[in-house]
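Engineer: Dropping a structure here in structure tokens format, bear with me for questions.
The values are calculated or read from the model by the stated rules, or taken from the named source; none is laboratory data. None of these values were measured; they are calculated from a predicted model. So basically every Cβ, Gly included, is an ideal-geometry build from the backbone, and we count neighbours across all protein chains shown.
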Amino acid sequence: MPSEKKKLYYNRELSWMDFNARVLEEAQEKDNPIMERLNFLAITGSNLDEFFMVRVAGVKGQIRSGYSKPDDSGLTPKELSAALEKKTHEFMDRQYSCLYRSILPTLKKQADMEFRSPDKMNGEQLRFIGSYFHLVLFPVLTPLAVDSSRPFPTLANKSLNLAVRLTERGNKDEKCFAIVQVPSILSRFAELPSDGGVRCFALLEDIITYHLGELFELHEIKAVCPFRITRNSDLTIDEEADDFMYEIQKSIKLRKRGRPVRLELQQHADADTRKFLVKSLGVSDGEVYELPGPLDLTFLSKFASLPGSERLRFAPIRPTSPAGDFWGYTDIFEAIRDGDRMVHHPYETFDCVVQFIAQAAEDKDVLAIKQTLYRVSGNSPIIASLIRAAENGKQVTVLVELKARFDEENNINWARKLEKAGCHVIYGLSGLKTHCKIALVVRREEDGIRRYLHLGTGNYNDSTAKLYTDLGLFTCRESFGSDASSLFNVITGYSRPPEYRHFIVAPHGMRSFFEYMIRQEAQNAASGLPSGIVAKVNSLVDPQIIEQLYRASQAGVQIKLIVRGICCLVPGVKGVSDNITVISIVGQLLEHSRIFRFENAGNPKVYMGSADWMPRNLDRRVELVFPIEDERLRERAFGILDTLLSDTTNARYMRSDTGYDRVDLRGKQRVTAQLVFYRQAQERLKELKSIEKDSVLVPIHSADELDATQGKDEL
């Protein structure tokens, strides 16, 4: 099966599994604080859930439809499905080995915490779970019998359930089954009375199982098996429907009843119960995963955030406030007029983005606000400001992307609230997702109309901005403003895609731009001119981009790629990719920014934006990549790339066999890029404060400081 083609293009699904394995390595890393290790383990579970719901479901759909064409890696859907099942079973074995052999013993040793099953509880703890069951659980539980008159229930995707095999008292030969759903509305674990200084916890399913007899008093319980199903959740949406929002809502409901693609069972499940579940759910043996511990490890994320366990987690990264580029300003528009501004989240506060929209909403000279929203937080201050702006009579246009996977319901709710407030809401473009991150503020000033912009690499989400690394540019350059207006005209109307002066926009010009820039570097190398490419993306999948990178490597271009997740390019292949290195950085924060540097014959250019090197980003989405033209900010962007490439702690280097190795620290200094950025942000703010302290004129940085100063004057 291995072929030359396969050697040069690694399958995206298998590459994604390798990425999740790198996250699992962080759970296995003994130098990481124990609660962080638990959190990384939870993330691997959450990642795997979404992978099954979308990617694995897609492969199985191809098989059912009879599609048998090999992909770019040379694998047919059947071959890929078999490889994924094998790799996933091995991965889940590693998850539970990590939990039982390493994490739980360390939790007991370092934190005096442990989970106890009822057979390990003392009398006080048993009395506690008895009281908890009767007062809290019993009123919520609903046992569902399964027989000829009561069919197998439609169970929610990812819900945790107990399958119970029973016999009627007095009739031992009759087998019957029931389902008890573990309530997801309650915490998955309960804290028990401590025992000798040890904090003890019990899982909800263990408490329910221990008291199941009280739910089936007329029957004898023969076996209990926790199980969980993962369903196909990839929406199929009719984008030509008259009511697009209704079509999305209808598809969301169908997602909850999608075809099962995975059945997780407690290991050593009763044979009759296993057979009953497999038949009732219509899954194959390869789709059954028998696990030695608690199902659904995502609950460990909440456990890792237990009050009182702060010392067992990473020291928090607290964003500097204000962001360094806005030091000394209370008027954000004045700051942007004085020059382009760059912010690096979460090392620098996201509040400057929030304040950009908030100040625009209240500013009497602001005439209009236009913004794209892909994923926003549940209590978004940006949306609150957009609503306020509309109430203040400003023209507010918002593109809310309803097709943002797993955020559809949240975005529908926000879209309705925005419309109700008087905003003009666009629901995306037919056939395309709008993924670009751009906010445009149109302001009337003494010298005419001025357009202020925020352009970003990440979502307008104040919650994820604390966990994801992203970059944002603020500018009021007229040429950028003109491009922004043209882009919004394309999104909201019937305008033909224009010739942008600075923006690179998908789906009409981004692919050709990147391919041209890569070819240009190859030509420069062949001509003996300075050449080189550094690119930081979340995923590298696109076959045409990969082919261009291979050609550039063969021409002598040194190519350094920072690819957090999927990488289908294979580095280090003799005669093909000798000059390409690939690193993946997985650490405390999720690397999310996209940055592209081209040496350009000694006059290097740098671009940032929302697009990865994937077919969907280049061909099927509205994406935006923009240049950094201010010399100071360009140097800062180059420094960010250099720091990432110098990481020796969280970086893994991809081998030519598609495996990954950590950096050999022998003779090298330990460098954690994320902590370097954090320290730089802190030191920069400290330096600015020091300069201010020595200044005769002390600027005011916030409205609170202004009020305090005025109060002193009055006294």
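Engineer: Taking G659 as meeting all but one of (1) closer than 28 Å to E599 by Cα; (2) modelled with pLDDT of 95 or more; (3) not hydrophobic (A, V, I, L, M, F, W, C), write down the number of the exception.
Structural biologist: Of the numbered conditions (1) closer than 28 Å to E599 by Cα; (2) modelled with pLDDT of 95 or more; (3) not hydrophobic (A, V, I, L, M, F, W, C), the odd one out for G659 is (1).
Engineer: Given the residues S15, S65, which is the only one that is without any contact (Cβ under 8 Å) to a residue 40 or more places away in the chain, among the polar types (S, T, N, Q) and more than 19 Å from T649 (Cα to Cα)?
Structural biologist: From the options S15, S65, the qualifying one is S65.
Engineer: Please tell me if M654 is buried (at least 20 other Cβ atoms within 10 Å of the Cβ), in contact with a strand residue (DSSP E or B) (Cβ under 8 Å, 6 or more places away or on another chain) and either under 16 Å from T469 (Cα atoms) or among the basic types (K, R) (or both).
Structural biologist: Here the answer is no, as M654 does not meet what is asked.
Here's the yes/no breakdown for (1) more than 21 Å from Y10 (Cα to Cα); (2) surrounded by fewer than 21 Cβ atoms within 10 Å (Cβ to Cβ); (3) at pLDDT 95 or above:
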{"residue": "S577", "(1), (2), (3)": "no, no, yes"}
{"residue": "I583", "(1), (2), (3)": "no, no, yes"}
{"residue": "F596", "(1), (2), (3)": "yes, no, yes"}
{"residue": "Y607", "(1), (2), (3)": "yes, no, yes"}
{"residue": "D630", "(1), (2), (3)": "yes, yes, yes"}
{"residue": "E635", "(1), (2), (3)": "yes, yes, yes"}
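Engineer: For F480, indicate whether it is within 30 Å of R636 (Cβ to Cβ), among the aromatic types (F, W, Y) and not in a strand (DSSP E or B).
Structural biologist: yes
Engineer: Any idea how many residues of segment 384-417 are part of a helix (DSSP H, G or I), modelled with pLDDT under 95 and β-branched (V, I, T)?
Structural biologist: Result for segment 384-417: 1.
Engineer: Given segment 586-670, what strands (runs of 3 or more DSSP E) lie entirely inside it while holding 2 or more residues that are β-branched (V, I, T)?
Structural biologist: 621-627
Engineer: Can you tell me how many residues within segment 190-218 are under 19 Å from L126 (Cβ atoms), among the aromatic types (F, W, Y) and assigned to a loop (DSSP other than H, G, I, E, B)?
Structural biologist: 0
Engineer: Another question, then. Could you please let me know if L386 is in contact with a Leu (Cβ under 8 Å, 6 or more places away or on another chain) and more than 15 Å from V441 (Cβ to Cβ)?
Structural biologist: For L386, the condition - in contact with a Leu (Cβ under 8 Å, 6 or more places away or on another chain) and more than 15 Å from V441 (Cβ to Cβ) - is not met.
Engineer: Please list, ordered by residue number, the strands (runs of 3 or more DSSP E) wholly in segment 142-189 having 2 or more residues that are over 30 Å from V54 (Cα atoms) and in the same structural domain as T209 (by TED's automatic domain parsing).
Structural biologist: Qualifying strands (runs of 3 or more DSSP E): 160-168, 171-181.
Engineer: Moving to a separate point now. Do we find that E478 is over 29 Å from the mean Cα position of the chain (by Cα) and not assigned by TED's automatic domain parsing to the domain that holds S73 in this structure?
Structural biologist: When the stated conditions are applied, E478 passes them.
Engineer: Name the pairs: first residue in segment 613-637 and outside the structural domain of G565 (by TED's automatic domain parsing) and without any contact (Cβ under 8 Å) to a residue 12 or more places away in the chain, second residue surrounded by fewer than 24 Cβ atoms within 10 Å (Cβ to Cβ) and among the aromatic types (F, W, Y), Cβ to Cβ under 7 Å, at least 6 apart or on different chains?
Structural biologist: Qualifying pairs under 7 Å: none.
Engineer: Of all residues in segment 457-475, which are farther than 23 Å from V606 by Cα and over 13 Å from the mean Cα position of the chain (by Cα)?
Structural biologist: Scanning segment 457-475 gives a single hit, D462.
Engineer: Please give the number of the condition E445 fails out of (1) in contact with a Pro (Cβ under 8 Å, 6 or more places away or on another chain); (2) surrounded by fewer than 19 Cβ atoms within 10 Å (Cβ to Cβ).
Structural biologist: (1)
Engineer: Right, another one. Looking only at residues that are modelled with pLDDT of 90 or more, within 23 Å of V278 (Cα to Cα) and not aliphatic (A, V, I, L, M) in segment 138-149, which one is surrounded by the fewest Cβ atoms within 10 Å (Cβ to Cβ)?
Structural biologist: T142
Engineer: Give the residue that is farthest from M17 (Cα to Cα), with candidates limited to residues of segment 95-113 that are under 27 Å from the mean Cα position of the chain (by Cα) and without any contact (Cβ under 8 Å) to a residue 40 or more places away in the chain.
Structural biologist: Residue satisfying both the conditions and the ranking: L104.
Engineer: How about segment 56-72: which of its residues are surrounded by 16 or more Cβ atoms within 10 Å (Cβ to Cβ) and either part of a loop (DSSP other than H, G, I, E, B) or among the charged types (D, E, K, R) (or both)?
Structural biologist: Matches in segment 56-72: K60, D71, D72.
Engineer: Can you confirm whether K370 is among the basic types (K, R), in the same structural domain as T492 (by TED's automatic domain parsing) and buried (at least 18 other Cβ atoms within 10 Å of the Cβ)?
Structural biologist: yes
Engineer: Every residue in segment 264-310 that is of a type in the set (A, V, I, L, M) and assigned to a strand (DSSP E or B), please.
Structural biologist: Within segment 264-310, L265, V288, L291 meet the criteria.
Engineer: Is one or more of the residues making up segment 536-550 touching an Asp or Glu at 6+ places or on another chain (Cβ under 6 Å), part of a strand (DSSP E or B) and within 21 Å of D619 (Cβ to Cβ)?
Structural biologist: yes
Engineer: Being modelled with pLDDT of 95 or more and farther than 16 Å from W16 by Cα is the filter here; which residues of segment 42-65 pass it?
Structural biologist: If the condition is that a residue be modelled with pLDDT of 95 or more and farther than 16 Å from W16 by Cα, then A42 is the only one that fits.
Engineer: Filter segment 207-225 for residues that are surrounded by fewer than 20 Cβ atoms within 10 Å (Cβ to Cβ) and in contact with a Phe, Trp or Tyr (Cβ under 9 Å, 6 or more places away or on another chain) and give the result.
Structural biologist: Y210, H211, E214, L215, listed by residue number.
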